[in-house]
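The values are calculated or read from the model by the stated rules, or taken from the named source; none is laboratory data. Computed from a prediction, not measured in an experiment: that's the story for all the values here. Note that each Cβ is placed from the backbone with ideal geometry, even for glycine, and that neighbours are counted across all protein chains shown.
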Amino acid sequence: MKSHHILLASALAAASFGCSSNTTEGTASTTEAVATDSLQQKLDTYTTVRLTSDLSKLGEKEKQMLPLLIEASDIMNKLFWYEAYGKSDSLLATLDSEAAKQYTKINYGPWDRLNNNEPFIPGVGPKPEGANFYPENMTKEEFEQASLTDKASQYTFLRRDENGKLVTVPYHVQFKEEVQRAADLLRQAAGLAEDPGLKKYLNLRAEALLTDNYQPSDLAWMDMKNNRLDIVIGPIETYEDKLFGYKAAHEAYVLVKDMEWSERLSKYAAFLPELQRGLPVAAKYKKETPGTDSDLNAYDVVYYAGDSNAGSKTIAINLPNDEEVQLKRGTRRLQLKNAMKAKFDKIMEPIAEELIVEDQQQYVTFDAFFANTMFHEVAHGLGIKNTVNNKGTVREALKEHASALEEGKADILGLYMITQLNEKGELEGDLKEYYTTFLAGIFRSVRFGAASAHGKANMVRFNFFKENGAFERDEQTGKYRVNYQKMREAMNKLSEKILTLQGEGDYAGVGTLLNEQGQISPQLQADLDRLSEANIPVDIVFEQGTDVLGLSK
């Protein structure tokens with residue numbers, strides 16, 4: 001646990017709610033009420049959704065597996081707490097207000113993930129860029145100079161030994177007891193699995209948690225085709241590490257496949273090579289051939305844990321992240337249909353009524369929202385994974401900027417794919433629906449703030465579109481109108497820019513783009529504030545677990 005957290009634990013009760021010795025009782029109670037009201041307002045930016053699914057098509061053994069998978073997933077909450085902050089107990093025990101405790105749990109720490117990681121507990125300093133993956137007093141230069149072979153591994157912590165020297169600690173060592181328990185639960189579930197692909201994956205994933213060697217289980221996960229249950233579990237995304245973007249954070253999703261929707265989506269992966277060849281960029285930036293083993297499937301998610309459950313909730317997944325697996329086998333794209341529908345109904349439609357001109361509101365549809373989200377995930381497979389100038393992989397060359405630019409790429413190339421497939425007659429619907437819903441989707445996503453990789457990507461795209469006339473704002477109504485032709489032109493122009501930056505591994509250029517374009521302007525902030533004034537939720541939190549599903553442990 002970091003030193004400032006220890007100091008924080010002893011000081012928070014007084015600092016948070018005005019209870020220091022020189023404060024009068026009346027002032028203390030007033031301060032406490034203000035703090036509680038403020039945090040209650042923050043809690044109200046989330047709306048609650050029950051995570052359920054139709055389990056009637058599952059077999060008895062599959063129903064027995066679900067509680068085991070949920071219990072294993074719940075362990076990821078504890079691991080992510082440590083990675084994001086330190087030990088949760090030392091923080092939560094100091095908080096007197098139930099609102100403070102609940103909002104801290106939603107954020108896995110005292111920093112507001114929907115507000116650029118600003119501290120919401122008085123007395124808390126800024127969130128360390130490296131979260132709890134590195135010593136807080138470690139500089140980038142010290143890291144670069146350390147001769148530790150696994151320092152950039154996705155699965156090691158950097159710590160100091162008794163002499164203050166940097167050392168690495170593998171995840172499976174730091175979390176020995178927890179990963180052993182999670183592995184045991186996955187193996188119990190594997191014992192019940194009747195689908196051979198799922199059985200193999202669960203056993204290999206259990207082994208991966210114990211060794212930090214994830215590639216065999218990633219390959220096994222790619223092989224699964226007919227399983228109705230699924231689980232994504234382990235250290236996966238590197239967004240939490242804003243110092244280098246190296247360290248993966250623990251998370252989990254427990255999933256029930258929607259077999260009918262999945263059948264409808266399965267055809268699109270075959271178009272990837274053709275779409276890659278048509279990308280609006282010079283040939284050297286699209287010379288790689290994307291894998292076509294990629295799966296597109298729709299799921300109901302019945303449990304979120306760890307990184308995926310922190311702040312804004314993921315509604316689609318594109319994995320594995322391992323570039324070797326991607327180039328050999330492609331990826332799987334999982335659309336979380338029930339969570340997506342909840343966000344559309346409770347958030348997207350009200351946003352469109354507030355910010356999209358009246359005669360274009362008809363073009364904001366769930367089918368377009370689903371497609372835009374789905375093709376974002378598919379588009380991760382397009383473009384380039386390795387730089388053209390021997391700087392290694394794009395991820396290595398762009399370091400902490402890699403995630404934000406990759407998300408920006410997926411957003412814009414997703415819209416490119418929709419445009420191409422629609423014109424080929426392979427995707428139904430009016431392009432106006434996809435483009436208008438895309439703009440409404442930016443307003444929804446940018447409310448998460450510009451601190452996350454997705455947030456920066458959203459702002460770069462919004463500002464680029466604005467500069468290129470892809471939409472206009474009506475000064476009288478404060479509503480936005482899409483210019484469909486100019487949005488298409490801006491889409492191609494931004495696609496070229498991002499793919500070139502990635503292919504060149506242009507770290508400085510990406511930094512400039514994110515710094516200059518990744519900001520929320522006062523005008524946009526004022527429009528976003530209108531959404532809050534209209535009590536439109538920013539995101540969702542879940543009632544979830546075995547009880548909600550009507551299952552017993």
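The number of residues in the stretch 527-553 being touching a residue at least 40 places away in the same chain (Cβ under 8 Å) and assigned to a helix (DSSP H, G or I) comes to 8.
Report whether or not Gly125 is surrounded by fewer than 15 Cβ atoms within 10 Å (Cβ to Cβ) and closer than 30 Å to Arg447 by Cβ. Yes: the conditions hold for Gly125.
Can we say Val460 is hydrophobic (A, V, I, L, M, F, W, C), more than 23 Å from Arg113 (Cβ to Cβ) and out of contact with any Cys (no Cβ under 9 Å at 6 or more places or on another chain)? Criteria not met by Val460.
The lone criterion from (1) in contact (Cβ under 8 Å) with a residue 24 or more places away in the chain; (2) buried (at least 21 other Cβ atoms within 10 Å of the Cβ) left unmet by Thr104 is number (1). From the list Glu32, Glu83, the lone residue that is part of a helix (DSSP H, G or I), modelled with pLDDT of 95 or more and not aliphatic (A, V, I, L, M) is Glu83. For the stretch 231-263, a residue qualifies if it is more than 27 Å from Gly455 (Cβ to Cβ) and either in contact with a strand residue (DSSP E or B) (Cβ under 8 Å, 6 or more places away or on another chain) or surrounded by 18 or more Cβ atoms within 10 Å (Cβ to Cβ) (or both), and the qualifying residues are Ile231, Val256, Lys257, Asp258, Trp261, Ser262. Kindly check whether there is at least one residue in the stretch 176-186 that is in contact with a His (Cβ under 6 Å, 6 or more places away or on another chain) and part of a helix (DSSP H, G or I). The answer is yes; a qualifying residue exists. Of the residues making up the stretch 381-425, just one is small (Gly, Ala, Ser), under 19 Å from Ala269 (Cβ atoms) and over 22 Å from the mean Cα position of the chain (by Cα), namely Gly425.
Counting only residues that are surrounded by 22 or more Cβ atoms within 10 Å (Cβ to Cβ) and not small (Gly, Ala, Ser), the stretch 83-93 holds 3 of them.
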